[in-house]
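What follows is one structure encoded as structure tokens, with my remarks underneath.
The values are calculated or read from the model by the stated rules, or taken from the named source; none is laboratory data. Small disclaimer: the values here were computed from a predicted structure and weren't measured. Counting neighbours? That spans all protein chains shown, and the Cβs are built from the backbone with ideal geometry, glycine included.
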Amino acid sequence: MTVNRTLAVTACGLGALCVLLGAFAAHGAGPQVKTLLTTGAHYGLIHALLAVVAAVLARHSTPIRWAGWLAVVGGAVFALSLALVGMAGLRVMGAVAPVGGLLMVAAWLMFAYGVFRTRPSDLS
């Protein structure tokens, strides 16, 4: 099996970051910060997983590879912007979170397009 190692390792980095954010939310954050960190960590972890799946399937489809990168970047932008709002009080980063959200939506749509355009035998 050929895996896009750069994408997979980057996705794992996002996953690790989101676990740390979630752990801080559970054990060290106040109630308002906890909500922001939990939401960012949740979405980031889901998109880290999407990116790992895309890394496995990337050799079959350029759109799937792009979906993986959109998921990683979108998940990171979303999670980190919420973390900066909550932990550093940088409210301006609240305007950046929707950019991450749009990238995550684009990742799912690109992944669906890539799967649709790829022969079923290539995905097994």
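Does at least one position in the range 104-122 carry a residue that is under 14 Å from T10 (Cα atoms) and at pLDDT 95 or above? Reasoning before the result, please.
Restricting attention to the range 104-122, the residues satisfying the condition of being under 14 Å from T10 (Cα atoms) are none.
Looking through the range 104-122, none of the residues is under 14 Å from T10 (Cα atoms) and at pLDDT 95 or above.
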### Message
Within the range 4-11, does at least one residue satisfy the condition of being within 15 Å of M104 (Cα to Cα) and either within 12 Å of the chain's Cα centre (by Cα) or assigned to a helix (DSSP H, G or I) (or both)?
### Response
yes
Residue set H47, H42, H60; condition within 30 Å of D122 (Cβ to Cβ) and at pLDDT 95 or above; output residue H47
Sole miss for M87 among (1) in contact (Cβ under 8 Å) with a residue 12 or more places away in the chain; (2) surrounded by fewer than 22 Cβ atoms within 10 Å (Cβ to Cβ); (3) more than 23 Å from A26 (Cα to Cα) is condition (3)
Reported set for the range 30-53 where residues are surrounded by fewer than 20 Cβ atoms within 10 Å (Cβ to Cβ) and more than 19 Å from L103 (Cβ to Cβ) is G30, P31, Q32, V33, K34, T35, T38
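Test S121 against the criterion of being more than 16 Å from the chain's Cα centre (by Cα) and either under 28 Å from N4 (Cα atoms) or of a type in the set (F, W, Y) (or both), and give yes or no.
Working: more than 16 Å from the chain's Cα centre (by Cα): yes; either under 28 Å from N4 (Cα atoms) or of a type in the set (F, W, Y) (or both): yes.
In short, yes.
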Selection over the range 54-84 where residues are surrounded by fewer than 20 Cβ atoms within 10 Å (Cβ to Cβ), hydrophobic (A, V, I, L, M, F, W, C) and more than 14 Å from G100 (Cβ to Cβ) yields a count of 2
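For (1) in contact (Cβ under 8 Å) with a residue 24 or more places away in the chain; (2) in a helix (DSSP H, G or I); (3) in contact with a helix residue (DSSP H, G or I) (Cβ under 8 Å, 6 or more places away or on another chain); (4) not small (G, A, S), each residue gets a yes or a no:
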| residue | (1), (2), (3), (4) |
| --- | --- |
| M1 | yes, no, yes, yes |
| L14 | yes, yes, yes, yes |
| G22 | no, yes, yes, no |
| Q32 | yes, yes, yes, yes |
| A51 | yes, yes, yes, no |
| G75 | yes, yes, yes, no |
| S81 | yes, yes, yes, no |
| M93 | no, yes, yes, yes |
